[in-house]
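Below is one structure, written out as structure tokens, with a few remarks after it.
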Amino acid sequence: VLAGTAFFIDFMHEARAYTLVALLTVAAVACYWRIMSRARAGAVWYAGLALTVTALGYTHYVALTIPAALGLYHLLRFERSRRWWLALAMLIAAGLLILPWLNTILLVIERGTTDAGRQVTSMNAAQIVRELLDVVGNGGLGLLALLGLFGLRERGPAARLVWAWLLVTVILVLIVNARIPFMVHLRYLMPVIPALALLVGLGIAHLGR
């Protein structure tokens, strides 16, 4: 589904960070899912979680919403097993590894607060949501959107993780954009495009059953 999404394809020829953000996001979520869905996961998955989350922080400042989404989802889980604590330790380790980059992130934020041109052209919340829905429908809310609606019927842990990934990321971006307008293009929400594709996948799985 992701490979057939026009919005994603449009960035595949550009030597910019957006498709890398999508790759690292999928890798981080996959590592987390592997850890929390299996009784035992190898050390490579824990290391992968720490490294991919760290890489997200260094790749794009908006990608920091992904560790925030994973962290919130993780803390809201009622499980307090050994793997839960180890996964939390990996997320904390990633946060510590991102700290040296904090000054650069703060400089980007400061630049954004003084960029009058960006603030004038930034989309508002309604425009952001409308464009995001357009991406789901691949330019016209057709079959993909319909399949996504079937995905809404899923209630399992996979669906909860996808919804946390999608909603927390979007809500954080909307909150920051309300304070410091920066959303001049939907590409800044690239980390949620794979989540939307997974939602469609959940709809296909639901129809299959």
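Rolling a 1.4 angstrom probe over the chain with all protein chains present gives an accessible area of which 68% lies on carbon and sulfur atoms.
The order of E110, E14 by accessible area, most exposed first and with a 1.4 Å probe, is E110, E14. The spread of Cα positions in segment 1-146, taken along each principal axis and listed from longest to shortest, comes to 47, 43, 31 Å. Is the shape of segment 76-129 rounded, prolate or oblate, going by the alpha carbon gyration tensor and its root eigenvalues a ≥ b ≥ c, with a/c under 1.5 for rounded and a/b larger than b/c for prolate? Taking the square roots of the gyration eigenvalues as a ≥ b ≥ c, segment 76-129 is oblate. At the residue level, L198 shows approximately 80 square angstrom of accessible surface with a 1.4 angstrom probe and all protein chains present. In the frame of its principal axes, segment 37-77 has Cα extents of 33, 24, 10 Å, reported largest first.
For the residues V173, V120, V184, a GNM of the chain with alpha-carbon springs under 10 Å puts the largest fluctuation on V120.
Note on the chain: helix-only mean residue ellipticity at 222 nm, from DSSP H runs of 4+ residues weighted -39500 (n - 2.57) and normalised by residue number, equals -22500 deg cm²/dmol.
Annotation for H13 and T104: the two label points, set 7 Å from Cα along the Cα-Cβ direction, are 2.9 nm apart.
Computed from backbone phi, the HN-Hα couplings of segment 14-26 come to 9, 7, 10, 7, 5, 5, 5, 4, 4, 4, 5, 5, 4 Hz, rounded to whole numbers (Karplus: 6.51 cos²θ - 1.76 cosθ + 1.60, θ = phi - 60°; Gly and Pro given as x).
The values are calculated or read from the model by the stated rules, or taken from the named source; none is laboratory data. Here the structure is a predicted model, which means the values were calculated and not measured. Cβ atoms come from the backbone with ideal geometry, glycine included; neighbour counts cover every protein chain shown. Accessible surface areas use protein heavy atoms only, side chains included; no ligands, DNA or RNA. Shrake-Rupley method; radii C 1.70, N 1.55, O 1.52, S 1.80 Å.
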